[in-house]
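Everything on this sheet refers to the single structure shown next.
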Ligand SMILES: [Zn+2]
């Protein structure tokens with residue numbers, strides 16, 4: 001059986017925070033505000049995987065009230081989600097994601113992100129497709145006050 005799940009995440013951006021995205025650090029003057037490392041791409045992928053597996057959402061498994069996840073690398077969330085999928089006999093066929101961020105340019109960082117995400121999920125980088133969009137200068141994302149990510153995951157099992 002083929003199953004699919006969708007994920008979405010948004011984080012505010014603040015000066016002096018590290019920009020962690022897709023499991024890697026990207027040099028930039030602002031970064032996400034969040035309980036964990038605020039990796040919106042990893043969070044959207046995590047939600048897509050949990051959704052496809054019928055396992056609720058990231059907040060259920062990794063509540064931001066839990067001190068275990070304070071400052072946690074979001075790759076840990078993906079590794080844990082991978083275990084949950086394996087326990088249910090589900091395998092990841094493919095992930096597609098969009099990051100919506102005004103700056104910086106993400107294309108040059110995508111190969112490293114795909115490698116880091118694939119390693120955490122136990123799949124090949126070729127099973128992950130990443131895309132970047134700006135918000136054309138409109139709204140919170142366009143003004144550089146926030147960033148968002150959307151993902152879809154296809155599972156077999
Ligand atoms: Zn998040």
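The values are calculated or read from the model by the stated rules, or taken from the named source; none is laboratory data. These numbers come from a predicted model, not from an experiment. So basically every Cβ, Gly included, is an ideal-geometry build from the backbone, and we count neighbours across all protein chains shown.
Checking the structure you have, find out if any residue of the range 92-105 is at pLDDT 95 or above, over 22 Å from residue 145 (Cβ atoms) and loosely packed, with under 14 Cβ neighbours inside 10 Å.
Going through the range 92-105, the residues at pLDDT 95 or above turn out to be 92-105.
Within this subset, residues satisfying the condition of being over 22 Å from residue 145 (Cβ atoms) are 92-96.
Remaining after also requiring loosely packed, with under 14 Cβ neighbours inside 10 Å: none.
Looking for residues that are at pLDDT 95 or above, over 22 Å from residue 145 (Cβ atoms) and loosely packed, with under 14 Cβ neighbours inside 10 Å, one finds none in the range 92-105, hence no.
Could you please find all residues in the range 79-100 being touching a helix residue (DSSP H, G or I) at 6+ places or on another chain (Cβ under 7 Å) and closer than 26 Å to residue 140 by Cβ?
95, 97, 99, 100
I need every pair where a residue in the range 31-52 that is without any contact (Cβ under 8 Å) to a residue 24 or more places away in the chain has its Cβ under 9 Å from the Cβ of a residue that is within 8 Å of the ligand (Cβ to nearest atom) and part of a loop (DSSP other than H, G, I, E, B), sequence separation at least 6 or different chains.
What qualifies is 31/38.
Touching a helix residue (DSSP H, G or I) at 6+ places or on another chain (Cβ under 6 Å) and part of a helix (DSSP H, G or I): is that true of residue 49 in this structure? Walk me through how you get there before you give the answer.
On the way: touching a helix residue (DSSP H, G or I) at 6+ places or on another chain (Cβ under 6 Å): yes; part of a helix (DSSP H, G or I): yes.
Yes; evaluated as a whole, the condition is true for this residue.
Determine whether the range 60-73 contains at least one residue that is near the ligand (Cβ under 10 Å from one of its atoms), modelled with pLDDT of 95 or more and within 16 Å of the chain's Cα centre (by Cα). Even if it seems obvious, please write down each step before you answer.
If we filter the range 60-73 for residues that are near the ligand (Cβ under 10 Å from one of its atoms), which is where we start, we get 62, 64.
Keeping just the survivors that are modelled with pLDDT of 95 or more gives none.
No, because not a single residue in the range 60-73 is near the ligand (Cβ under 10 Å from one of its atoms), modelled with pLDDT of 95 or more and within 16 Å of the chain's Cα centre (by Cα).
If you check 109, 43, which single one turns out to be in contact with a strand residue (DSSP E or B) (Cβ under 8 Å, 6 or more places away or on another chain) and either within 16 Å of the ligand (Cβ to nearest atom) or part of a strand (DSSP E or B) (or both)? It would help to see each step written out before you state the result.
On the way: 109 fails: either within 16 Å of the ligand (Cβ to nearest atom) or part of a strand (DSSP E or B) (or both).
Sole residue among the options that is in contact with a strand residue (DSSP E or B) (Cβ under 8 Å, 6 or more places away or on another chain) and either within 16 Å of the ligand (Cβ to nearest atom) or part of a strand (DSSP E or B) (or both): 43.
Filter the range 6-35 down to the residues that are within 24 Å of residue 52 (Cβ to Cβ), in a loop (DSSP other than H, G, I, E, B) and in contact with a strand residue (DSSP E or B) (Cβ under 9 Å, 6 or more places away or on another chain), then identify the one that is farthest from the ligand (Cβ to nearest atom).
22
Is it fair to say residue 77 is modelled with pLDDT of 95 or more, under 14 Å from residue 35 (Cα atoms) and in a helix (DSSP H, G or I)?
Details: modelled with pLDDT of 95 or more: yes; under 14 Å from residue 35 (Cα atoms): yes; in a helix (DSSP H, G or I): yes.
In short, yes.
So which residues in the range 53-74 are free of Cβ contacts under 8 Å to residues at least 40 places away in the same chain and assigned to a loop (DSSP other than H, G, I, E, B), if there are any at all?
Scanning the range 53-74 gives 55, 56, 57, 62, 63, 64, 65, 66, 70, 71, 72.
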